[in-house]
Structure formats: structure tokens, C-alpha cells
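Below is one structure, written out as C-alpha cells; the observations come after it.
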Amino acid sequence: MSARPLAAWVQAAPLAAVFAVFFVVPLALVVMVSFWQATDYELIPAFTLQAYADLASDVTLRTYLSTLKFCVIVWALTLAIGFTVAYFVAFHVRSLLWQTVLFVLCTVPFWTSNVIRMISWIPLLGRNGLVNDTLLAMGVVEQPVEWLLFSDFSVVLAFVHLYTMFMIVPIFNSMMRIDRRLLEAARDGGATPWQAVWHVVVPLCKTGIVIGSIFVIALVMGDFVTVGVMGGQQIASVGKIIQTQANVLQFPAAAANAVVLLAVVLVMIAALMRLVDLRREL
């Protein structure tokens, strides 16, 4: 009996070592550097809260609110699209072959890099792009629509395009575990299709919804490439600020922003975790 706990620790040791080396140690270094001082040419390992005090500006607050705005909008859109697609594939596509084919079609965009997928929107949404040319030719507008590209709209569109699949997969996995007889019982009890979805499907796939939400929130909150490319370097985000500060060697300021951003994301994830016990559900 005494050998079993020892064997468990030995089996967990490699994963724990990797976790410590590639996550715990770098995170501890970031937290440590966030309390250092910095000049234009050197880092001074002296304790100070100046980097955190600088975060209390109106510009930084507006940037965090802008990032949260993108996060909430993208989360809502990816959840609506992901739930709809997962529901259709899980309950309306009976053939396993066709389910596989549809999933492959959903993953086709992931065969290229994120940057290439974002750049592909520019010929479509640009001032002289395909969408504006079509609208002008149909007489819908008299001049090109400016807000289609390098705007909040284009940033949200790119986010939804990039991250919807992270919502579809966990929701689909949860839906495939639902006993179909429950839906039949709901219909026999007089429930409408919408009532069956709301009272049967949604509660039973909360685990998938929470997992997909965690993926999307974490990815959007820390993203800086999508905001930079699709926003035309004109839209601020926390990730973009961290990248800029690191580029100009203001590492304490960048580390402080990273620590605060991590804390915000962890609070959001903790709020989601209260909705479902993932350890028990999984």
C-alpha cells in the first residue's frame, strides 16, 4: 500500500517538472521583474510599485475596457455560432461519415497560419475590395464603406473566424454524450423544439460551453497580432501594449501589465468554473 503513493508521485514527476520549468518559473520571473525599475538602457533589480502605479491611468483603463469589450462580443458570437453548428452536426447529421466530413471542413482554415487567414480578409474588406466593389455595383452604397477594414468590426470578424472552432469542438463533444431518449421524452411531454434545447440540451452541455468559453476568453484577452493586423495598428489592446513595451525594453511595465492581465483572465475563468465542476464532469 505504501508503494502506491510513491509510484503515483514517480509517474507525475515528469509532467510536474515540465510544468515547473515552462510555466511556474517563467511566471515567477515575470512577477519578479514587474517590481523592478527600468531606465532607457538597463534594468535595476530594486523593489518598486511604480510599474503598477502607472497602470492607474485613464489610457490604460480604456485599453483594458476595450479588450474586455472585444472579449465579450467575440465570446457571445462564437458561443452562438459554435452551439448552432455543434447542435446541427450532433443531432441532425445522423451519419458518422458526414459528421467527420463536416468537421474536416470546419478545420480546413486551421491548415494555414493565423496571419495568412487574417490577411485573406484584406482583399475582401478593403476600400477597393470585393465586398465594396459588389456593393457599389449593386447600387447599395454610393461610396466605399470605410468601416469594413481596420476597425472594431474587422477585429471582431477576424476573432470569430479564428476562434469559433475552439467553441464548436467541446460543445459537440458534450452534445454527443447526451442520451437521445431524453429529447424524445421532452417531446412526448409536450415540449417544443426550443424548450427541449433550452431545458435539456443546454444544461447537459454546460461542460462544453464552459471549456469553449475558457479557450476563447484566454485567446482573445492575450491576442495582439489580430488586433494589430485587422485594426491597422490603430486599435489598442492589452496584448498590444505589452508587445510595444517589450519592444522598447520597458520590461517592468510589460511584466506588470502581463500580471494584471493574467489576474483578470483568472478571475473570469474562476467565475466560469463556478458554473460547473469540470473535474467531476470530465
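Only the coordinates and a few stated rules stand behind these numbers; no lab work does. Model, not experiment: these values are computed from the prediction. Quick reminder, even Gly has a Cβ in these numbers, built from the backbone with ideal geometry, and neighbours come from all protein chains shown.
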Binned Cα-Cα distance frequencies in the stretch 95-222 - 5 Å width, integer %: 2, 9, 13, 13, 14, 13, 11, 10, 8, 5, 1, 0
For the stretch 208-275 versus the stretch 43-91, the gap between their alpha-carbon centres in whole angstrom: 5
Residue 21-residue 130 pseudo-label distance in nm [points 7 Å out on the Cα-to-Cβ vector]: 4.6
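Taking only complete DSSP H runs, can you tell me which helices of the chain stretch 15 Å or more along their own long axis by Cα positions and average at least -0.5 on the Kyte-Doolittle scale?
Details: long enough: 3-19 (24 Å, 1.14); 58-87 (43 Å, 1.27); 96-107 (17 Å, 1.93); 152-176 (35 Å, 1.54); 206-222 (24 Å, 2.02); 251-273 (32 Å, 2.46).
For the chain, where a helix must reach 15 Å along its axis and average at least -0.5, the hits are 3-19, 58-87, 96-107, 152-176, 206-222, 251-273.
Of the peptides 86-92, 43-49, 257-263, how do they stack up when ordered by the mean number of other Cβ atoms within 10 Å, highest first? Kindly include the intermediate steps, with their values, before the conclusion.
On the way: 86-92: 16.6, 43-49: 10.4, 257-263: 18.4.
By packing density, highest mean first, the sequence is 257-263, 86-92, 43-49.
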Two-site FRET efficiency, residue 140 against residue 233, from Cβ-Cβ distance with R₀ of 22 Å, rounded to 0.05: 0.15
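Report, in debye and to the nearest 20, how large the dipole of the stretch 184-282 comes out about its Cα centre when Lys and Arg carry +1 and Asp and Glu carry -1 on their Cβ.
That gives the stretch 184-282 a dipole magnitude of about 180 debye.
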Three-way shape label, the stretch 57-281, alpha-carbon gyration tensor, a/c 1.5: oblate
Listed peptides 154-161, 115-122, 78-85 by packing density, highest first (mean Cβ within 10 Å): 154-161, 78-85, 115-122
Cα centre as origin, Lys/Arg/Asp/Glu Cβ charges: the chain dipole, Debye: 980
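Restricting to DSSP H runs of at least four residues, report the calculated mean residue ellipticity at 222 nm for the chain, -39500 (n - 2.57) per run over all residues, nearest 500 deg cm²/dmol. Intermediate results must be reported in sequence, preceding the final value.
Values: 16 runs with 189 residues, N = 282.
Helix-only estimate at 222 nm: -20500 deg cm²/dmol.
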